[in-house]
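See below for the structure under consideration.
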Amino acid sequence: MSGEWVLENGRPVADATVLSHPEQVDRLREACPEVAPTAVLAGDPCFDRILAALPQRDRFRRALGVGPGQRLIVVSSTWAPRSLFGGAGGDAESGTDDLLPWLLARLAAELPVDEYRTTAVLHPNIWHGHGPGQVHAWLDGAQRAGLETVPPLDGWRQALIAADCVLGDHSSVTYYAAAIGVPVLLGAFPQADLDPHSPVAELGRTAPRLDRRGSLRAQLDRAVAAHDPGRYKELTDQTSSAPGESATLLRRLFYGLMDLPEPGSRPALLDPLPLPPFRPARVTAPIRVLTGAISAAPPEVTVVRYAVVGDEPDPAEHPAAWVDAAHTVVDEETRETGRLRVADIVVRRADAADPRLGPPAAWTAEALDRYPHCGLVAYVDGPDRCVVRTRDGRLVRLSAAPDAEGRPDLCDPALHASAFYAWTVNGGAADVPEIGVRTGATTHHVTVEALPSS
């Protein structure tokens, strides 16, 4: 709101300066009184679209591939030098300088792939200023570990609505998250760069801060568990003085500036937020699978899977009594092709009718010959199912039981393959009709169906 942005040759740049709340009018009047007469309160159309779409949260989560029991963590950054993505993120004394490399590494190392889904929302100027190739290069390891990136202009509002926690900075995206009641953890927040009287600055004084010396997972879980939905009510109230009315107010303003009558027979409306395309989680980095608490009655296997882009997870860090069926899963489309020769399980993802690979029975037979050291191969041909073949030639269809509404369980079918592998190598019968697969606090029920092996 300073004069350099809103004045030209001492005169207001705009005929109307649209603001969303009276507190902004007060700050504009203090920062640049010459522009204050142009101020118009007309709400916030972006916030109105978010509010209107809040009832669609469950659909947005399914579209983003968030399965039952999973937490969606949205990493959000603006484009300033001291933003989360800017690399500074604070100062050396606070231990938050050069935060991004640490953060991307810890996302993969600490967050089990079946208990967390991660999505990055980056300011469009980051993509424009550095170029998509450079941005993807910086994010490469995290993306191979399952990090999804939201397109620069569309989809970020849906991700906020779907989120369980936003790890962000002083961006408007982080502020909108707090305004709709989403838990926020601040990874970077240059308080000195902000107007101390602004609501965004107040968010920096209110929200918890990330400590890079502590466990990332523990801090995210604590931010979710300790969150009070009314914590940011004052910020919500300051987001817009006319929630739900921006389309009407803006149209009235625009037609008034043109000195034309409004089209009185038609209401002013905003486009609803569209349902994003379905994007299931995809991990192409090798996955280290830790299994434990295998029970025979009923058949159940506890599984924790980590994408391996650096150090492998240490079973000693986990409270469960891990057993000898720890193994490695490698996607056949991995960049690390050398890992395929030593994988315990090799996975391929394609439609069952894909003429290049399918049917599953054919690919699984070929894959066992191609990878003689693996114990099982899995052909994932749907969001909730796969076909596996064991080293002894047994062919089995593994399918997740649907939820109470009949929708497919969106856990990764490669998880089913790991559970079946752990079950059988620890003496479980391969012809069991169902296996419970436990990830975190969630149990997935997987049916086991024998198929003709030829």
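The values are calculated or read from the model by the stated rules, or taken from the named source; none is laboratory data. Everything numeric in this text was worked out from a predicted model, so none of it was measured. Quick reminder, even Gly has a Cβ in these numbers, built from the backbone with ideal geometry, and neighbours come from all protein chains shown. Surface accessibility is based on the protein's heavy atoms, side chains included, excluding ligands, DNA and RNA. Shrake-Rupley method; radii C 1.70, N 1.55, O 1.52, S 1.80 Å.
Miscellaneous remarks
- With Cα atoms, 0 to 90° folded angle of helix 413-425 axis to the chain main axis: 30 degrees
- Between the stretch 99-115 and the stretch 121-152, the alpha-carbon center distance in angstrom: 15 Å
- In this calculation the C-beta distance from residue 297 to residue 394 is compared with R0 = 22 Å, giving a FRET efficiency of 0.45.
- Nearest-ten-degree value, helix 22-31 long axis tilted from longest Cα axis of the chain: 60 degrees
- Computed over the alpha-carbon pairs of the stretch 329-391, the distance histogram in 10 Å steps reads 26, 57, 17 percent, short to long.
- Computed from the C-alpha gyration tensor, the three semi-axes of the ellipsoid equivalent to the chain are 48, 24, 19 Å, from longest to shortest.
- DSSP loop trypsin sites (Lys or Arg not before Pro) with at most 11 other Cβ within 10 Å: longest gap in the chain: 1-212
- Full extension of the segment from residue 254 to residue 373, taken as 0.36 nm per residue of separation minus the current Cα-Cα distance, would add 35.9 nm.
- Multiplying the residue separation of residue 237 and residue 213 by 0.36 nm and subtracting their alpha-carbon distance yields 5.2 nm.
- Cβ-Cβ FRET estimate between residue 125 and residue 451, R0 fixed at 60 Å, reported to 0.05: 0.70
- Compared with the dominant Cα axis of the chain, that is its longest principal axis, helix 99-110 is turned about 30°.
- Part-to-part distance (alpha-carbon centres) for the stretch 197-229 and the stretch 433-454, which is given in Å: 38 Å
- Considering only 151, 64, 100, the residue lying farthest towards the positive end of the dipole of the chain is 64, judged by Cα position with unit charges set on Cβ.
- Of the listed residues 270, 210, the order by accessible area with a 1.4 Å probe, largest first, is 270, 210.
- Taking 7 Å steps out from each Cα toward its Cβ at residue 336 and residue 245 produces label points 5.7 nm apart.
- For the stretch 107-187, the spherically averaged projection of the C-alpha convex hull amounts to 5.5 nm².
- Volume per residue of the C-alpha convex hull in the stretch 340-443, rounded to whole Å³: 108 Å³
- Principal axis box of the stretch 103-243, alpha-carbon based, largest edge first, Å: 41, 34, 29
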